[in-house]
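Participant: I have a structure I would like to understand better, so I am pasting it below and will then ask my questions one at a time.
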Amino acid sequence: MTSVEEAEPSGFQRVVLTNASPYQYLKIRLVLEDERSRLSDVELKSFIIAGLKSLHGEVGAALNFDVLKYDEESLTALLRVYSRGLVKLWSSLTLQGFYQNQACAFRVLQVSRFTGISSLEEPLIYLLFHVTQKKRISHFPHYCHPLP
Amino acid sequence: MDEAQIYTQIPHNLVKSLNVKPQSSSKAAAFTEAFLKNSLQKPSQYDLKDMLTHKAVILGYARPKKESAKRSSKKAKGLNARQKRKMKIFQIKPEHQRYELFLPLHELWRQYIVDLCGGLKPTSNPQFVQQKLLKADFHGAIITVVRSKCPSYVGTTGILVQEFKHVFKIITKENKLKVIPKRNSVFAIEINGFVSHIYGSKFEQRASERSAKKFKVRGTIDL
Amino acid sequence: MCADLSRTPRTLLVCDRSSFLDHKNRVSSQVEQLHFIYKVSVLLPECNSASSSLDSVFNSFTSFYLIRKLPIYELLDKDFLQSAVYQGSVHGLSFRTRIDEDNCVALMPNGRLTLSLDKDSFELLGFEGKPSRFNHRSCSRFEVSVDLTDSSMAPGGRGYLRLLTGLKSHLQLQTDFLLSHHPGGGASLQALLSRYDWSEHKPKVSRRCLSNLVCPAPRSCDPHSLLEWLGAVDADVRCENSSSSFLSSFVCPEANTTLGHALSVSVSGLLLPHDVQRLIQELRCYLQQPQLESWVSLTVHGFTDSLVSWGGSEHGALIGGQDFYSLLMFHDHTYRLYLSTATCHTCPP
């Protein structure tokens, strides 16, 4: 965590914060084989925790994350997780394949580094034109490996 | 004919008309011996008396020795690569680098491919045509670079003048001789409506060696 | 392995603190730098309904055009260059194209045409470009960027002809395209529009009245917490949680006051920086009225799948983040500007 400060007598001040963001935000959608089945928010969170536990064990299950917003109709949720837990959470979402014996998949629609939740809103322009959003393959994050 | 008849004297009535003199048998034997001595190449090797008791004698003819093989190897030697380079045998002189000069070659190539593919009608099986083209010679074809890792090669088109192991030399309509590496490019060849794409990276052989090469079938090829 | 898992990419947040009265303030130039804006949201505390002058600004955002299946070589059309690109500024962005998997095109107001192409398309195009900065291991994306106002790109020039044949015959690139023009509007684009299937769109304005909003002190709050709170308000996330609740432990950071009313207005579409400038001016006028809370916030989001970030630098979606900035304006003409960008990107201006 570093910050660079440039203060000038004229009152202009610029602070650059690098790596200071505590949280990461994910927008995810759960796709179920049976499109009519619905989950409550509590069920969704339990399901994600179960996935964390199966991949990362008890330590993974203890990972703190928040379900900030959940829309039961579209099975879309906004998650907030501590930055250091993002890769664990994302990987467990990607590998989650079954919900109560039916095939399922999490689509990671957007991941935001630290910009706050606002930018995670469904891009309204898509709604504006009544576009059926193309399902995006959830990409496993690339930065598991140190970037050059 | 009997042997005895050969040794008989010439009849008297013939002596007159042929104007030959009959020889005595001793004289004839001496003549034969002298004749053999002259005709045989290395008479010292042979015992003439012994030879005459045998029937087969080769007269005045020597079996050709294996000199011809020697001569042909001398011929193949010809020029070595350095001499060829020095004489610029494989370089096209600037005054000959004209597109229209190579048009007849292109016509020739078209005929050759049409013959090779047995008529090349629109109904021909593309796979069959491709199989033939794989082994064919491309000198004279009009080739176009359709894909390349280097963007400046894309779109270059012209008559293929020379094919080497790693490069194509083509002459463009602007009378420019261009050298295009085969690696990392895809070429298109059009003939009578059939367009074939050649992945240059898989084509890095001399034309003569390619005809014997077996190409593997691959699902996808990347540049 | 564990060390790798907790590794997170570099993040960058720039916080500027200055005053509009300060001659050194660069707000207007910074606003101009973000070319492709899809959403502007404004939070007006202690406000039931926006004043008529403010409302008129919200409603007068320049409309934009959607062209379906536009062949990209049409952007090099001589008449289009004459009537639109050379005169004023054109904002054009390919629509419904994903920055990580599709070919994307952007036409920037300074006349720069940028294409972000996958490897196969780049090899077909045959025009000079450079590998994308966001390649992972193998080189799989390329960026082609040309300045249409440059002399070599003038109609008939060498570079122009090469790009034109490349887009016309080698790589027939076709995408849905969003287009807007300032100051000419639709008139200067009409020639191009008439040839294709197009539709005009007004930016969509939505208003939301909020009541009993718990609010942090904007001047003293930590930037990250403040941005998070602003985002939560905009996304309508409840913050009445306790730290022990199962679902979410999100609470208002450094809760300070409770606002009786607040108005949240957002405009979305392909918006022009010029209109944002007007909105900022109008908000400054609004702040001069006597009222209880003396601040407003304005947040501007860039297109997620835009291929350019701040200025003209390259934008990649795979490595996260959107470009956005939040401007917090106060009664006494001072402001806080929070500029953010995705990882690996260059520092915002």
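Participant: Place +1 on the Cβ of every Lys and Arg and -1 on the Cβ of every Asp and Glu in region B:95-210, take the dipole about the Cα centre, and give the residue among B:Pro104, B:Gly155, B:Tyr199 whose Cα lies farthest towards its positive end.
Facilitator: Looking along the dipole axis, the top candidate is B:Tyr199.
Participant: With labels modelled as points extended 7 Å from the Cα through the Cβ direction, what inter-label distance (nm, one decimal) is found for B:Lys216 paired with C:Arg158?
Facilitator: About 4.2 nm, to one decimal.
Participant: Return the average number of partner chain Cβ atoms within 10 angstrom of each residue Cβ along peptide C:163-170. Walk me through the numbers before you get to the answer.
Facilitator: Working: counts 0, 0, 2, 3, 0, 0, 1, 5.
Mean number of neighbouring Cβ atoms from other chains: 1.
Participant: Right, another one. Eight or more residues apart or on different chains, and alpha-carbon atoms under 25 Å: count the Lys pairs in chain C matching that.
Facilitator: Step by step, the pairs that qualify in chain C add up to 12.
Participant: Additional query: Against the 2.2 N^0.38 Å scaling, with N counting residues, where does chain C land? I'd like the Cα-based Rg ratio to two decimal places. Don't jump to the answer; show the numbers that get you there.
Facilitator: On the way: Rg = 22.0 Å, N = 349, 2.2 N^0.38 = 20.4 Å.
Here the Cα radius of gyration is 1.08 times the empirical estimate.
Participant: Here's a follow-up. In nm, give the distance between the simple-model label positions of C:Glu74 and A:Val59, each being 7 Å from the Cα along the Cα-to-Cβ direction.
Facilitator: 5.7
Participant: What distance in nm lies between label points placed 7 Å from Cα along the C-beta direction at C:Cys209 and C:Ser53?
Facilitator: Computed distance between label sites C:Cys209 and C:Ser53 equals 2.4 nm.
Participant: What is chain C's relative contact order, in percent, from Cα pairs under 8 angstrom and six or more apart in sequence? Mind dumping the intermediate values first?
Facilitator: Working: 680 pairs, mean separation 109.2, N = 349.
The value is 31 percent.
Read the figures in this text as sums done on the coordinates, not as results from a lab. Because the structure is predicted, anything quoted here is derived from the model rather than measured. Ideal geometry is used to build each Cβ from the backbone, glycine not excepted, and the neighbour counts take in all protein chains shown.
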